[in-house]
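Take a look at the structure below.
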Amino acid sequence: MNPLKKAGRFLCSMKCAMILLVILALACTAGSMIPQQKVMSYYTDAYPQWAAGAIMLFGLHDVFHCRWFLGLTLFLCVNLVFCNIRHFPQLKRRMKAGFSLEACLKDNKRESLCQVENAKTLFQKMGFSKPEESNVEGTVCLYGVRNKAGIWGAWLCHLGMLIIIAGFGLGQMFQTEYTVYGVKGQTKTVGDSGYELTIDDFEIRLRDDDTVEQYEASVTVTDPVTGEKRSGKTSVNAPVSLFGMKYYQNSTGWAAKVSVWKDDEEIQDDLLCVGEYVKTKEKEDLVLMLRAFYPDYARDDLGNPMTVSSALHHPAYLYALYYQDQMLGMNLLEEGEEITVDNYTFRFHDPQPYTLIQAKKDPFTCLAALGGLFVVTALILAFYIRPEEMWAMKNEDGSWSVFGRSKKGGSMFEEKIFEKSEEIKWKERKNL
């Protein structure tokens, strides 16, 4: 065979597809084990030098977006397309002409499985309700076939995988994603979607050892144009769908209000989540940032701040103060303490947990779901819907020689024919 033609056959073969799937599966495993999209210094600190070098060289720090991963995925899609195109005419021909009495009779090396007096009864017992009767060269024959659709299992599996990859890839390209965070009672706009999200309630369920068991938020999404409102609950791994978007409970943290006073007069009161900052009214160059929050403040053996528990027993606020982009200072305030700069005073109060919710809209989710349905159907066809053929030839003494074949589980199918024939014979003897 021509080397180029041989290579082309391999590239369009199931063997090539399996090799690609194994490589991609290993890459996905690496992507789940290695933290993704970190800076280089993170990997040099967390891994030996050779491992950090390999991670960066092969793009394992961002597996799902590196060129070789995308290239292999595209190559797999091409393989699946050509594999399906190549095998479709063969399967179509087999559906039309591959299952026939003539094809079975050509299998002349096959020995009869049993001899019976009434072949039609055996056909019915085996599930062939209407066997075809014909005369072949003076011999009366019966033929039955069932589960022909089973031959499409592998083909549909390829098609389903292709649809899933296409749905996932298109979803990554065209999905919209927004991040909304806030505390109970707050209403925030959901990016540029035109919707508003209200956090009706937020609960953190703890285990006995004070570790988090579940985050759960009750939200209401409003369409300001029509005034329509839809509500639901979202928790970790259990998103809620509202107005065609899915809302995921992503994470949580702490927030606190900060009051700004000027000459004993309160000029603003803002809510800050950890990591946020507030600009002072009338003096926007003066900026206060909430760096960290400790709900149950204490110090470790080295004097570093820590929290003993997640309960609000002894709150403390780590702040940083800037003026004209220059840090004036960073310190820790306990409840009731304040900061004064010139005639401005800052006070933290009312600490409370905030929730971070991700809103996603993927127009190709249905396409991926359709691919999944194809794969499930294909697996059922491949493993449970087994094409089976059964035929019988009438002997000169009036008895029938029975034959059968199945490419999947053929020996089990033949044993079942023999067992059913023995069962029929036993009942006939019993009636006599």
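The values are calculated or read from the model by the stated rules, or taken from the named source; none is laboratory data. Just so it is clear, the structure is predicted and the values come from calculations on it, not from any experiment. Cβ atoms come from the backbone with ideal geometry, glycine included; neighbour counts cover every protein chain shown. Heads up: the accessible areas ignore ligands, DNA and RNA and are worked out on the full protein's heavy atoms, side chains in. Shrake-Rupley method; radii C 1.70, N 1.55, O 1.52, S 1.80 Å.
In this structure, the residue pairs whose Cα-Cα separation is over 19 Å, taken from LYS257/LYS281; LYS92/LYS148; LYS106/LYS425; LYS184/LYS279; LYS257/LYS279, are LYS106/LYS425; LYS184/LYS279.
Projecting the Cα positions of ALA359, VAL375, PHE348 onto the charge dipole of the stretch 339-399 (unit charges on Cβ atoms of Lys, Arg, Asp and Glu, taken about the Cα centre) puts PHE348 furthest along the positive direction. Each residue, SER32 and TRP68, gets one label point 7 Å from its Cα in the Cβ direction; the gap between the two is 2.1 nm.
What dipole magnitude, in Debye to the nearest 20, does the stretch 253-358 give about its Cα centre under +1 on Lys/Arg Cβ and -1 on Asp/Glu Cβ?
In total the dipole reaches around 320 debye.
Note: relative contact order over the chain, using C-alpha pairs below 8 Å and six or more positions apart, is 19 percent. With the cut-off at 31 Å, tell me which of the pairs LYS96/LYS394; LYS246/LYS283; LYS394/LYS416 have Cα atoms farther apart than that. With Cα atoms farther than 31 Å apart: LYS246/LYS283. Partners of LYS125 within straight-line reach, counting aspartates and glutamates whose Cα lies under 20 Å from its Cα and excluding those fewer than 8 residues away in the same chain: GLU117, GLU133, GLU388, GLU389, GLU414, GLU415, GLU419, GLU422, GLU423, GLU428. In the stretch 333-384, the alpha-carbon atoms span a convex hull of 182 Å³ per residue. Using R0 = 45 Å, the C-beta based FRET efficiency linking ASP350 and MET173 works out to 0.55. Note on percent of Cα pairs over 37 Å apart: of the candidates [x] 56; [y] 24; [z] 14, the value calculated from this structure sits at [x]. For the stretch 118-170, the calculated P(r) over all alpha carbon pairs, in 5 Å bins from 0 to the bin holding the longest distance, is 4, 16, 14, 12, 10, 9, 8, 8, 7, 6, 3, 2, 0 percent.
Calculate, for the chain, the solvent-accessible area per residue in square angstrom, rolling a 1.4 angstrom probe over the heavy atoms of the protein chains.
Value for the chain: 59 Å² per residue.
Summary value for the stretch 261-392: 15 percent relative contact order, contacts being C-alpha pairs under 8 angstrom separated by 6+ residues. Its alpha carbons give the stretch 197-349 an Rg and a Dmax of 19.0, 58 Å. Semi-axes of the equivalent ellipsoid for the stretch 220-286, computed as √(5λ) from the eigenvalues of its C-alpha gyration tensor and ordered from largest down, come to 35, 17, 10 Å. Annotation for ASP201 and ALA97: the two label points, set 7 Å from Cα along the Cα-Cβ direction, are 7.0 nm apart.
Return the FRET efficiency for the residue pair PHE82, ALA369: r is the Cβ-Cβ distance, R0 is 22 Å, and the value is rounded to the nearest 0.05. Approximately 0.30, to the nearest 0.05. Mean separation of Cα pairs under 8 Å and 6 or more residues apart, divided by the residue count, gives the stretch 183-316 a relative contact order of 11 percent.
Take the Cα gyration tensor of the stretch 79-128, multiply each eigenvalue by 5, square-root it, and list the three semi-axes largest first, rounded to whole angstrom.
Working: eigenvalues 227, 38, 18 Å².
Each semi-axis is √(5λ); the values are 34, 14, 10 Å.
Considering the stretch 81-217 at the alpha-carbon level, its Rg and Dmax are found to be 30.9, 88 Å. Extending 7 Å from the Cα toward the beta-carbon at both THR340 and ILE267 defines two label points whose distance is 1.6 nm. The Cα-based radius of gyration and maximum Cα-Cα distance (Dmax) for the stretch 1-125 are 25.8, 82 Å.
Result for the chain in a Gaussian network model with C-alpha springs under 10 Å: among PRO48, PRO387, PRO239, the largest mean-square fluctuation is at PRO48.
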